[in-house]
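First up is the structure itself, then whatever we jot down about it.
Rule-based calculations on the coordinates, nothing more; no lab input. Small disclaimer: the values here were computed from a predicted structure and weren't measured. Cβ sites come from the backbone with ideal geometry, for glycine too, and all protein chains shown count toward neighbours.
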Amino acid sequence: MSSTSSHCAIDDKDWKYLAEGGKHVIFSYHGKDEMFHGKILRVCKDTLWSGTQLFTYNCYVSHFDAIKRCFQGGLDNSQGGNYFDDTQFLNVDRKKLESMALKVLESNVIPQGRKSDWRLRMGIKDCHSSPAVLMPNYRFFSNSISIEIKPKGGYLATSPLVNSSNTCKYKFSRFHILQELSYRGIISKGWMKGSNLIHKSEYDPLDLFSGNFERIRKSLYALFSCPQNNLKVCDGANMLFGDRCAAKSANLFSATGDCLLFIKALEIVGDIGNDPSTQPEQGQLRDILQDELVHVISNILFQDAFLQLLVTSQKEMDVLDADGAILVYERLVDLCHGSTDMAEKLIDADYNFGSFRTNRTSKMDDLCDYLKEHSNPEQFSQDRYNRGKNLIQTLTIEDCTELLQKWLLSLALCDLSFFIIISKSPGNLQCNDSRTIRTSTGRLVEYVLKVIDYDRKPAKKLRNRKQLEDKFACFYSSTRGHNIQRTSIYD
């Protein structure tokens, strides 16, 4: 993965709204310029509205390089592939972006839960361009199916800095806890603004990251059953599975066009479709396609090194847990004479991954050694928590900054997404990074696995973190009377 930056003139008429998340809007290219063919433009909502950006170009590059290195430690080329494509940063004319945004507002394509994000402030003075990222559009490989998965954190907390009221983190994944709290109305998730969580997902990242084939299959079926914003399956521009499809699932088999889409998808990933006499009934197409996809994806994720590299890096960067990060953040603010702005400016500055600095203090080493030595949740005690808390009070500004930058890096690793593009015809994807595997049933499948949405998290994520973490104490009371069993990645 390399990163470049340049000024660029675009024709706003050639770009159409494709999707959006909490922080970014995605536009796909529909023009004739070869430079943009098969590409998407990823624009931060803050920069779209204000024309400003929080991080410098160097900060973005160093963060992206840090993310990439997380997938290089000890990687045998036979185990995995190149999970990143080149990233190009563009400075795009403000008027062009405003025109694109207005077309989106007029087209009524914005999901209900995201409409509150669209607060346009047009005609900003002294701002001629805004930054954007140009990257490949992984949904538009020919004769292929693209699967986008947001796996979340695949590990349990082990830090002795977990607050005594939040020990549920030692037994349940963060995703599982947040699902329960969202379902009970105790918290609201960003992607479902203005609505309640009607269906609770049974997906657990601990299953996906377990390294066990059957648990991986179990996690994928849970994602297909309740995709939320964690799963999207597309055939080009057509979404076959995903949250925005769920409400229309009853109509998927009533239209001839939708029926043909499922048959086409089955021809790509399965063995059905060549013999007219074996065609299933319309009502069976969706379930058959789901089974075929789960089978293929399970084999890919079981055999590829990607998930193990990801979860190893997630855990390595998160030695504090969010509760510990709050304590370090409070220490840094104190050292900055009570100024949160000064503290966050330090955290949001550039860093050098792998050797954040050479003048590491003995107090920093004392804390890190203590956290490693007391990382067994079964031995948690208030005394050990207090001892760790006292060690934090000895840290310097540089110590706190490094720890919090690493914790925010872990946050980015826990919030990234990845695409799997699959085809059952080897050579069809015409991509240098494609690999071919043989599934457990002997079928050859070609695939490409690429990481997206790994942006650096800003220090402001720490401001109100305590309010969220304090709600974890409600988990046990909210599940009282329910049969909740402990789940461990080591089971």
- prompt: Distance in nm between label sites at Gln393 and Lys103, each 7 Å beyond Cα in the beta-carbon direction?
  reply: 6.0
field: Listed pairs Lys150/Lys372; Lys23/Lys372; Lys200/Lys460; Lys45/Lys461 exceeding 24 Å between Cα atoms
entry: Lys150/Lys372; Lys23/Lys372; Lys200/Lys460
query: With N residues in the stretch 313-437, what two-decimal value do you get for its Cα radius of gyration over 2.2 N^0.38 Å?
result: 1.41
query: Quick one: which of 302-313, 21-32, 381-392 comes out on top by average Cβ neighbours within 10 Å, and what's the full order, highest first?
result: 302-313, 21-32, 381-392
task: Label the stretch 426-473 by shape, choosing from rounded, prolate and oblate, from the square roots a ≥ b ≥ c of the eigenvalues of the Cα gyration tensor; if a/c is under 1.5 it is rounded, and otherwise prolate applies when a/b is larger than b/c, oblate when it is not.
output: oblate
- prompt: How much space per residue, in cubic angstrom, does the convex hull of the C-alpha atoms of the stretch 362-429 take up?
  reply: 167
- line: For the Thr340, Arg384 Cβ pair and Förster radius 41 Å, calculated FRET efficiency rounded to 0.05 is 0.90
- line: Surpassing 20 Å at the alpha-carbon level, of the pairs Lys152/Lys315; Lys96/Lys345; Lys16/Lys450, are Lys96/Lys345; Lys16/Lys450
Under 17 Å from the Cα of Lys115 - aspartates and glutamates, other chains or at least 8 residues apart: Glu20, Asp46, Glu98, Glu106, Asp243
- request: Rank-order 438-450, 405-417 by packing density, defined as the average count of other C-beta atoms within 10 Å over each peptide's residues, highest first.
  value: 405-417, 438-450
